[in-house]
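Data block below; observations after.
The values are calculated or read from the model by the stated rules, or taken from the named source; none is laboratory data. None of these values were measured; they are calculated from a predicted model. Here Cβ is always computed from backbone atoms with ideal geometry, including for glycine, and neighbour counts include all displayed protein chains. SASA here: full protein model, heavy atoms, side chains in, ligands and nucleic acids out. Shrake-Rupley method; radii C 1.70, N 1.55, O 1.52, S 1.80 Å.
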Amino acid sequence: MDLKLIVSRLGRTMLGFSGGLLVLGLPQPLWAQSGSISGKVVFVGDAPQAKKIRVTKDNEKCGSEILNEELIVSADRGIKNAVVSVAGVKGKAAGSATIDQKGCFFAPHVVIVPTGGSLDILNNDGILHNFHTQSSKNAVINKAQPGFKKKMTEKFTQPEVFKVVCDAHSWMAAWIVVTNDNSAVSADGGAFKITDVPAGTHKVEVWHETLGKLTKEVTVKVGEEAKITIELSKK
Ligand SMILES: [Cu+2]
């Protein structure tokens, strides 16, 4: 049997299988009913230059300059660190996330934590950091993390977007997005992809720390990738 025939028979078997489940009233497997959303978050206007921050403390660990990650726009106007979420659609239950303090900045700059999940806070600098959340729905965490303490773990139970600072280094900042919505953070160059999105029309919410929020309707078809461009600009 040639490969094409095998693939086509296999495809029909899979469709028959999922259709059969539908007739039986059983939940269909995810691959039979979902697609994905991908695209790029784009800055409208001339791409601003990334700013640098002068480091005035712990220079042996931190160097003399740190990139200000408030707004990172690539030469072709892609925006890094925007959060794209499919409202009301549960993401994969990852359960945990990690943020590192290395070179005196938080990495990643924006981290998604599932609601009720935990965040591992690493200190790979071997110097004192102080993890301080500016949260209001979740209890404020204000904890020193001395150089010898390589890892702390915190839980976040309420959906909320909030800033984290370090009281030992005034330039350090990150954002924590606590959500169960299926979400992704845009990469360098602005690209993002969200998989396992049920077929249908969804409200896609976009958030960026300095450019604000935007909502867009997107229709997802089974097995297809809905491609969108999200434009954000300075207010
Ligand atoms: Cu610090």
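When the dipole is taken about the Cα centre of the chain, and only Lys, Arg (+1) and Asp, Glu (-1) are charged at their Cβ, what size is it in debye, to the nearest 20?
So the dipole magnitude of the chain works out to roughly 220 debye.
What is the gain in length, in nm to one decimal, between A47 and N68 on full extension, counting 0.36 nm per residue of separation less the C-alpha to C-alpha distance? Spell out each step's value before the answer.
Numbers: separation 21, 0.36 × 21 = 7.56 nm, distance 1.50 nm.
Separation in residues times 0.36 nm, less the Cα-Cα distance, equals 6.1 nm.
May I ask you to order 103-113, 77-87 by the average number of other C-beta atoms within 10 Å around their residues, highest value first? Mind showing how you got there, number by number?
On the way: 103-113: 20.5, 77-87: 22.3.
Top of the packing list down: 77-87, 103-113.
Students often check this: by mean Cβ neighbours within 10 Å, which of 162-169, 149-156 ranks highest, and how do the rest follow?
Details: 162-169: 18.2, 149-156: 15.1.
Ranking, from highest mean packing down: 162-169, 149-156.
For A87 and A107 in the same chain, what is the full-extension length gain: residue separation times 0.36 nm, less their Cα-Cα distance, in nm?
4.6 nm
Which of the listed residues, Q158, A47, Q101, is farthest toward the dipole's positive end in the chain, when Lys, Arg count +1 and Asp, Glu count -1 at the beta-carbon?
Farthest towards the positive end: Q158.
Before I look further, what does the chain give for accessible area per residue, probe 1.4 Å, in whole square angstrom?
Details: 12580 Å² over 235 residues.
Ligands and nucleic acids excluded, the figure is 54 Å² per residue.
For the chain, just give the cysteines left without a disulfide-compatible partner, judged by no other Cys Cβ under 4.7 Å.
For the chain, the answer is C166, because their Cβ atoms have no other cysteine Cβ under 4.7 Å.
Sort out for me the Cα centre separation of region 85-132 from region 54-84, rounded to whole Å.
Cα centroid of region 85-132 versus Cα centroid of region 54-84: 17 Å apart.
Which lysines have a Cα lying under 18 Å from the Cα of K51, excluding residues fewer than 8 positions away in the same chain?
Candidates past the 8-residue exclusion: K80, K234.
In nm, to one decimal, how far is the modelled label at D167 from the one at S96, with both set 7 Å along Cα→Cβ?
It is 2.6 nm.
For the chain, build the charge dipole from Cβ charges (+1 Lys, Arg; -1 Asp, Glu) around the Cα centre, then report which of H129, V222, A187 sits farthest towards its positive end.
My answer, from the dipole projection, is V222.
In the chain, what % of DSSP beta bridges are antiparallel (nearest 5)?
Taking every DSSP beta bridge with both residues in the chain, the antiparallel ones total about 75 percent.
With a 1.4 Å probe and every protein chain kept in, tell me what percent of the accessible surface of region 34-232 is carbon plus sulfur.
49 percent
Just read off the accessible area of S118 with the full protein assembly in place, 1.4 Å probe, to the nearest 10 Å².
Its accessible surface works out to 20 Å², give or take rounding.
Cut-off under 25 Å on the C-alpha distance; same-chain residues fewer than 8 positions from K137 excluded. Which lysines are left, in chain and number order?
Straight-distance partners of K137: K90, K92, K151, K155, K163, K203, K213.
Does the chain come out rounded, prolate or oblate by the C-alpha gyration tensor, with a ≥ b ≥ c the root eigenvalues, rounded set by a/c under 1.5 and, if not, prolate when a/b is larger than b/c and oblate if not?
prolate
Once you have the Cα-Cα distance between A199 and S36, take 0.36 nm times their residue separation minus that, and quote the gain in nm to one decimal.
Working: separation 163, 0.36 × 163 = 58.68 nm, distance 0.87 nm.
Length gained between A199 and S36: 57.8 nm.
For labels at S136 and E224 in the simple 7 Å Cα→Cβ model, what's the distance in nm?
Using points 7 Å along Cα→Cβ, the separation is 4.1 nm.
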